[in-house]
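These notes concern the structure reproduced below.
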Amino acid sequence: MATTSETQPKREVWSSRTAFLFASLGCAVGFGNVWRFPTLAYEYGGGAFLIPYFLALVLIGLPLLMMEISLGQHYLAGDVGVFGKINPRFRGIGISSSLNSFIVVCYYAMLIGWTVRCFVSAFTNPGSWSLYDGDEAFSHFVNVIVGMESLENGNDSRPTRIVIYNVCCLAVVWLAIFFGTAYGLEWTGKITYISMGVPLVLMVVLLIRAVTLEGSGIGIHAYIGAWELQVLIDHPDVWSTAVSQIFFSLGVTFGMFTAFGSHCPRSAPAFENSVVIAICNSAFSIISGFTIFGALGYLAHEQNMDIQDVVVGGPALIFGAYPDVLETLPGGIFWVRLFFFDMFLLGIDSSFAIIEAIITVLKDTPWLRSRSTYDVSAGVCTMGFLCGVMYSTDAGLYFLDVVDFYVNFIMILVGMLECVAVGWFFGLERQYELLGERTVNIYMTTSCASILVASFFWFGIANGAATFWSGFVLFVAIYAAGLVVAIRTFRQTKGLVIDDTDPTVPSYNVNLQWSDLDIAKTIMLRNVYDLKAELEPTVGVFPLWVAVLIKHFIPHVLWILFVNLAVAKDQGQYLFGQYGGYPTWPFQVLGICVVLLSLSIVIVGLIIPEVFDSFSGGTNEDNAASDKSIELTGHATTNSNSEQDEYKLMKPDQHNDNALGNVQTQKVVS
């Protein structure tokens, strides 16, 4: 029996803008803000790292964040529904994104579970954190908390047992996630006031304590006081590292912000919200650095060591060095408990966001559209717990490391495909109508070829300045040649004179001819303006520079990052298929299966789009509202003075989109 719009529940909306912002900030802020950013800043020139970091934020992170929130808010759907509405063949991109989000939350929940166990051990066995220095504390975490001591007699790192204590901690985490998401968006929004608000307060408390310690200035100077600008030249990988940090720290392209945006009021200011989230996420990372390095400076001072001898990153920082520092303070075990509680809240908030994104996608389908959020959340959390049991084995940390690498690898590609879908295929039919299929296809093909050829030179040939510049010159040459050919093709196939016999076309400026510059701007930017014009009536300001970056910059950068990671080597061996030196079975096989499954879903969606027709996205009421918006904004420039002005950049003498969209052309006889 078909579900009618009368029987379908209405789409939930955030109770307030504050609830949305707190939930979104909880989605972005996580373990990486604490254990990765500060160490990266220290390793890459201190304050100098902020230059590529903030450039990446403005040029990559903020546009992607804006894109996801705006599309979700405009189309009233999760990732699958959004990309399906751009083109049904792109539903696979959204499904792949959601699948990888689920894979991430499965191992992320175990990481939170280890934090829970550390928190409990700070009560049941408080002396365990005071008996060791930083390295020994991390060894205690690895061997006792994770349970890897049973692997010491083996040679291949394969799991030998399930650590029951960790299974229990994992169950506790999934129960927390379930109760945080099962009662709807309004309930989740209220919880985030605590789960995100408390960590903010606790981080400030830890910051004040850290910077008031003797010797803290040593660590803070090493963290951000030194500006070694030469690093930006001598170590070019700092730029890709900064982009990766922004990409994964914000959590863009995992579908979370698309889902959150779909529950915003139609008139919510998407750009302002995106700016607030991005700035707060980066501010938290920077503040965390002061907290961490202030404490590490104190440790170096107390032990009469150089700061480089105590600096660590990753799990070794939050499960080793930092608790060791806190333990040395007056009331030390109290600070250790406070820190692990803080980390638990940071992690659980991000898990809420991922599960909300998955619930949104599932409830957009006809199968689960009429089911309650409670039921869907119960199903997702149960499946997540079962899939996460492998991380509770004594080899769980190895599984986490491997799967995390391969998920990050494929998500860079998925992120690139999302930008291609929005930047290059949005409004493609209108481009065909205006410019001709041959013109558009030539431009798209040569644009793609330019970055592929350049990538071959950059990554397929020995490194060197000559190789880099050769690739860059070829990139520009192929792109420029393709644009020239596209312009000539337009002249030959579509003509340049407006036919004034059509009464629907304004009669002014008859026999107007476009210059090459006008044609070039239209080929390069027409659908960029269309994207901006369609979104602005529902999401507010959508800056032109954001739309341009989504089409002409971000996909290229993400492709370069993807290829760079694909050909990366460690000690002469490719990382892909041999990451970390882990055995092929089960570690590498598991990671490669994640990549192949994600790619297969995308490819199936492109070739056989009807396979994913059930992932239509949105309720009937949502679709009607979205379709009405599209209908109203299909020629949005007739209702927007600002858009009329911006279209003049492409066609100086053409005054509205109707004239551009409905123009009848005839071939010019030269």
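The values are calculated or read from the model by the stated rules, or taken from the named source; none is laboratory data. Since this is a predicted model, take the numbers as computed values, not measurements. In this analysis, Cβ positions are derived from the backbone assuming ideal geometry, glycine residues included, and neighbour counts consider all displayed protein chains. Just the protein is used for accessible areas: all its heavy atoms, side chains included, with ligands, DNA and RNA removed. Shrake-Rupley method; radii C 1.70, N 1.55, O 1.52, S 1.80 Å.
Yes/no per residue for (1) under 30 Å from VAL80 (Cβ atoms); (2) touching a residue at least 60 places away in the same chain (Cβ under 8 Å); (3) surrounded by 20 or more Cβ atoms within 10 Å (Cβ to Cβ):
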| position | (1), (2), (3) |
| --- | --- |
| LEU413 | yes, yes, yes |
| PHE426 | yes, yes, yes |
| VAL440 | yes, yes, yes |
| CYS448 | yes, no, no |
| LEU474 | no, no, no |
| ALA477 | no, no, no |
| ALA486 | no, no, yes |
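Quick one: how many residues across region 93-114 are of a type outside the set (Ser, Thr, Tyr) and either outside any helix (DSSP H, G or I) or within 17 Å of the chain's Cα centre (by Cα) (or both)? Here the count works out to 9.
Screening the candidates ALA295, ALA321, ALA278, ALA300 for the property of being under 30 Å from the mean Cα position of the chain (by Cα), in a helix (DSSP H, G or I) and at pLDDT below 95 yields one hit, ALA321. Within region 361-400, being surrounded by 16 or more Cβ atoms within 10 Å (Cβ to Cβ) and among the hydroxyl-bearing types (Ser, Thr, Tyr) holds for THR365, THR373, SER377, TYR391, SER392, THR393, TYR398. Kindly provide the set of residues from region 577-606 that are of a type in the set (A, V, I, L, M) and touching a residue at least 60 places away in the same chain (Cβ under 8 Å), ordered by number. Answer for region 577-606, where residues must be of a type in the set (A, V, I, L, M) and touching a residue at least 60 places away in the same chain (Cβ under 8 Å): LEU590, ILE592, VAL594, VAL595, LEU597, LEU599, ILE601, VAL602, ILE603, VAL604, LEU606.
Quick one: which residue in LEU535, LEU544, LEU549 is in contact with a Lys or Arg (Cβ under 7 Å, 6 or more places away or on another chain) and at pLDDT 95 or above?
Values: LEU535 fails: in contact with a Lys or Arg (Cβ under 7 Å, 6 or more places away or on another chain); LEU549 fails: in contact with a Lys or Arg (Cβ under 7 Å, 6 or more places away or on another chain).
Only one candidate qualifies: LEU544.
Candidates in region 240-260 are the residues that are open to solvent by 10 Å² or more (accessible area, probe 1.4 Å) and aromatic (Phe, Trp, Tyr); of these, the one that is farthest from PHE409 (Cα to Cα) is PHE254. Just one of (1) closer than 18 Å to TRP35 by Cα; (2) touching a Gly at 6+ places or on another chain (Cβ under 7 Å) fails for PRO269. It is (1).
Can you say whether MET148 is under 30 Å from VAL414 (Cα atoms), out of contact with any strand residue (DSSP E or B) (no Cβ under 9 Å at 6 or more places or on another chain) and open to solvent by less than 40 Å² (accessible area, probe 1.4 Å), as far as the supplied structure shows?
On the way: under 30 Å from VAL414 (Cα atoms): no; out of contact with any strand residue (DSSP E or B) (no Cβ under 9 Å at 6 or more places or on another chain): yes; open to solvent by less than 40 Å² (accessible area, probe 1.4 Å): yes.
No, not satisfied.
Checking region 135-142 against the condition returns a match, with at least one residue being over 21 Å from GLY347 (Cβ atoms), among the charged types (D, E, K, R) and assigned to a helix (DSSP H, G or I). Taken as a whole, the condition of being of a type in the set (Gly, Ala, Ser), open to solvent by 30 Å² or more (accessible area, probe 1.4 Å), within 30 Å of the chain's Cα centre (by Cα) and at pLDDT below 50 does not apply to ALA636.
Count, please, the residues in region 224-245 that happen to be among the aliphatic types (A, V, I, L, M) and in contact with a Leu (Cβ under 8 Å, 6 or more places away or on another chain). Steps first, answer last, please.
First, the residues of region 224-245 that are among the aliphatic types (A, V, I, L, M): 224, 226, 229, 231-233, 238, 242-243.
With the extra rule that they be in contact with a Leu (Cβ under 8 Å, 6 or more places away or on another chain), the set shrinks to 224, 238, 242-243.
Residues that pass the stated criteria total 4.
Got a sec? Which of ILE60, ILE112, ILE93, ILE86 is surrounded by fewer than 24 Cβ atoms within 10 Å (Cβ to Cβ) and under 30 Å from PHE257 (Cβ atoms)?
Only one candidate passes the filter, namely ILE86.
Can you tell me which residue within region 389-430, out of those that are part of a helix (DSSP H, G or I) and among the hydroxyl-bearing types (Ser, Thr, Tyr), is farthest from TYR107 (Cα to Cα)? Filtering first and then ranking leaves TYR406.
Considering each residue of region 361-380, count those that are among the hydroxyl-bearing types (Ser, Thr, Tyr), more than 15 Å from TRP187 (Cα to Cα) and part of a helix (DSSP H, G or I), and give that number. Summing the residues that are among the hydroxyl-bearing types (Ser, Thr, Tyr), more than 15 Å from TRP187 (Cα to Cα) and part of a helix (DSSP H, G or I) in region 361-380 gives 0.
Within region 210-226, count every residue that is open to solvent by 60 Å² or more (accessible area, probe 1.4 Å) and more than 16 Å from PRO38 (Cβ to Cβ).
Step one: filter region 210-226 for residues open to solvent by 60 Å² or more (accessible area, probe 1.4 Å), giving 211-212, 214, 218, 221.
Of the ones still in play, those that are also more than 16 Å from PRO38 (Cβ to Cβ) are 212, 214.
Residues flagged as open to solvent by 60 Å² or more (accessible area, probe 1.4 Å) and more than 16 Å from PRO38 (Cβ to Cβ) within region 210-226 amount to 2.
Determine whether ASP342 is farther than 22 Å from GLY26 by Cβ, among the charged types (D, E, K, R) and not in a loop (DSSP other than H, G, I, E, B).
On the way: farther than 22 Å from GLY26 by Cβ: no; among the charged types (D, E, K, R): yes; not in a loop (DSSP other than H, G, I, E, B): yes.
So ASP342 fails the test.
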